Amino acid sequence: MHVSAVDQNIGRRSGEPDPGSPSFLDVGKAYVALTKPRIIELLLLTTVPVMFLAAQGVPGLWLVVATTVGGYLSAGSANALNCVVDADIDTKMRRTSRRPLVRHQVSTRAALVFGLILGVVSTLWLGLLVNWLSSGLALTANVFYVVGYTMILKRRTSQNIVWGGAAGCFPALIGWTAVTNELAWAPVVLFLVIFFWTPPHFWSLAMRYREDYSAADVPMLPSVTTSDVVARQIVRYSWVMVATSLLLWPVTPTGWFYPVAAVVLGAVFLVEAHGLRSRSRGTEDLTVIKPMRLFHFSNAYLAFLFVAAAIDPFLR
């Protein structure tokens, strides 16, 4: 039976919104989701502690606010543009199937404009309210993530996250330059810590979702080789990461707290990495390998390591 639009509206009060159309709040949530807030949380957690280390104490509150807001806008821009470029493969992966473009909550054009506007605003915000060095570093990270990783590396090489992950290392540089307006060896060391941390962190997650990457034809390492090979690579990067984290002690003035924390956290990370390696021998059963154990600890490791760097100046 045909039902007219008038008939469908019978019983609905005048001025009442169409229940089938998204509310203003729903649209707002969709745009926020484009920025990938959970990823940005970790980026900001590697920005603010470095500001404390650079200031050798408490940096100015306004400077911290301006830097974190600018950092969020810049990372949000990169993530929104990443959603635009990767919309075709996001539809094929369980992990990304609820993103706004996949669910048609935001149009491709609107997401593109949104991402570009955030990029412009973040560049001006950081330049005018923090300094232009920090602004330039944020813009470089944005461009490298969108063009270098998303558009060039991600679909072409199994080493995509190794080099593409460098974009996520820039917050260490931005946090330092926001306070000092110059680069130094300390933020470079922390940049390298994140660089070597990224493969173990992301590959353990990709092991869990390797079928997704295979379905999307993305050559993430766990989708193109065995879990045993991936685990060996994770162990190698983990050792280099821990060794690099200890370089901060002689490179910048630190007391006893940071090196002790780095050794303890690093030891636990290595135990987890070697445990993954041991469980990966001769099996592809993820219930045995348990890659998410290392993934979840890797988040805690990076957070606690950077917080230790921030606390250290107060204990000397």
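The values are calculated or read from the model by the stated rules, or taken from the named source; none is laboratory data. Quantities reported herein were computed from a predicted structural model and do not represent experimental measurements. Ideal geometry is used to build each Cβ from the backbone, glycine not excepted, and the neighbour counts take in all protein chains shown.
Is it true that some residue in the range 143-152 is farther than 27 Å from Lys29 by Cα and surrounded by 15 or more Cβ atoms within 10 Å (Cβ to Cβ)?
yes
Mind counting the residues in the range 57-82 that are among the hydrophobic types (A, V, I, L, M, F, W, C) and either surrounded by fewer than 18 Cβ atoms within 10 Å (Cβ to Cβ) or modelled with pLDDT under 95 (or both)? Talk me through it step by step, then tell me what you get.
So in the range 57-82, the residues among the hydrophobic types (A, V, I, L, M, F, W, C) come out as 58, 61-66, 69, 73, 75, 78, 80-81.
Going one step further and asking which of them are either surrounded by fewer than 18 Cβ atoms within 10 Å (Cβ to Cβ) or modelled with pLDDT under 95 (or both), we end up with 58, 61-63, 65, 69.
Total meeting the criteria: 6.
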Checklist entry - Looking at Leu265, Leu315, which one is crowded, with 17+ Cβ neighbours inside 10 Å and either under 17 Å from Val193 (Cβ atoms) or at pLDDT below 95 (or both)? => result Leu265
Next on the checklist: Would you confirm, using the coordinates I've provided, whether Gly175 is buried (at least 21 other Cβ atoms within 10 Å of the Cβ) and closer than 30 Å to Ser23 by Cα?
Outcome noted: no
Checklist entry - For the range 268-277, does any single residue satisfy the condition of being in a helix (DSSP H, G or I), touching a residue at least 40 places away in the same chain (Cβ under 8 Å) and either of a type in the set (Val, Ile, Thr) or not assigned by TED's automatic domain parsing to the domain that holds Ala206 (or both)? => result no
Checklist outcome for this item: The helices (runs of 4 or more DSSP H) lying entirely within the range 136-237 that contain at least 3 residues which are of a type outside the set (A, V, I, L, M) and in the same structural domain as Phe52 (by TED's automatic domain parsing) are 160-164, 170-180
Checklist entry - List, please: which pairs have Cβ atoms under 6 Å, are six or more places apart or on different chains, and start with a residue in the range 35-56 that is surrounded by 21 or more Cβ atoms within 10 Å (Cβ to Cβ) and end with one that is not in a helix (DSSP H, G or I)? => result Met51/Pro59
Checklist entry - Can you tell me which of Leu118, Leu124 is over 30 Å from Ser214 (Cα atoms) and surrounded by fewer than 20 Cβ atoms within 10 Å (Cβ to Cβ)? => result Leu124
